[in-house]
Amino acid sequence: MIIAVDGPTASGKGTIAKALAAHFNLPHLDTGLLYRAVGRQVALDGGNPDDAGDALAACSFPDSLLEDPELRSEASGGLASRVSVHPAVRQALYDRQRAFATQAGGAVLDGRDIGTVIAPEAPAKLFIVASVDARAQRRFLEMQAQGRAITLEEIAADLEARDRRDRERAEAPLRAADDAVTLDTSDLGKDAAIAAAIALVDKAFA
Ligand code: DC
């Protein structure tokens, strides 16, 4: 029972994936965190995220880095998006994600290419979308709650730049799998979005 949850940044896919994991009693992997750790490690090494060699070297980041709260920052998201264009980085992170997806009993994974590359056989695939305005507003509130100084305009510009990079990259670009169901959360509160996602997964498994 693999559930693949893909979509652009701040679409609500992380919240939905976590809630699906709790509801269906499955382990959950936020695959964006792996790319964020690579991006952060490149920065710690003083390397260049746009250089494939520097980015590949950073894939051997220590597991403890996954606990670093700095990974949740916009800066780490931007670095993650930049290192994620390198095919060697995607290859280096593949086995870990694939092993998680295929563990006995199933799993929920969220990211950009779970339904297309990591677990194309997943019987339940959701593609979560929301308008740029809705996503920027959500991210803004999140950043404010974390005490991070960033404006709504900066967040919207950053979201659009990351969307473009994630969609236009040659390797495993952000796109819905042909058999994915799209859920637009622009006008849905958190609970309504989760309920809608659970109903879609129930339908996929029916
Ligand atoms: O989901 P997120 O915002 O934490 O992801 C950060 C970046 O990592 C995203 O802009 C692109 C990259 N990413 C990816 O290429 N493939 C994934 N499965 C997950 C994330």
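Here the spin labels are modelled as points 7 Å beyond Cα on the Cα-Cβ line, and at Asp45 and Glu160 they lie 3.3 nm apart.
Taking each DSSP H run with n ≥ 4 as -39500 (n - 2.57) and averaging over every residue of the chain yields -16000 deg cm²/dmol at 222 nm. A Gaussian network model of the chain, with springs between Cα atoms under 10 Å, assigns the largest mean-square fluctuation among Gly106, Gly12, Gly39 to Gly106. Here the gap between Asn25 and Tyr94, fully extended at 0.36 nm per residue and compared with their Cα-Cα distance, gives a gain of 22.5 nm.
For region 1-157, what Kirkwood radius comes out of the mean inverse Cα-Cα distance, in Å? Walk me through the intermediate numbers first.
Details: mean 1/r = 0.0619 Å⁻¹.
Computed over region 1-157, the radius equals 16.1 Å.
Here the accessible area of region 120-206 is 53 percent carbon and sulfur, with a 1.4 angstrom probe and all protein chains present. For the chain, set up a GNM with springs between Cα atoms under 10 Å and report which of Phe127, Phe100, Phe61 has the largest fluctuation. Of the options given, Phe61 has the highest mean-square fluctuation.
Shown is the FRET efficiency for Glu171 and Glu142, computed with R0 = 41 Å from the Cβ-Cβ distance and rounded to the nearest 0.05: 0.90.
Could you tell me the center-to-center distance, by alpha carbons, between region 165-195 and region 1-65 in angstrom? Here the two parts' Cα centres lie 16 Å apart. Charges were assigned to the Cβ only: +1 to each Lys and Arg, -1 to each Asp and Glu. The resulting dipole of region 1-149 about its Cα centre is roughly 420 debye.
Evaluated at q = 0.09 Å⁻¹, the base-10 log of the normalised Debye intensity for region 93-206, with identical point scatterers placed on the Cα atoms, takes the values -0.30. In the full protein context, the chain carries 46 Å² of accessible surface per residue, based on a 1.4 Å probe and ignoring ligands, DNA and RNA.
The values are calculated or read from the model by the stated rules, or taken from the named source; none is laboratory data. As the structure is a prediction and not an experimental result, all values here were calculated from the model. Glycine gets a Cβ as well: all are built from the backbone with ideal geometry, and neighbour counts include every protein chain shown. What goes into the accessible areas is simple: the full protein's heavy atoms, side chains included, and nothing from ligands, DNA or RNA. Shrake-Rupley method; radii C 1.70, N 1.55, O 1.52, S 1.80 Å.
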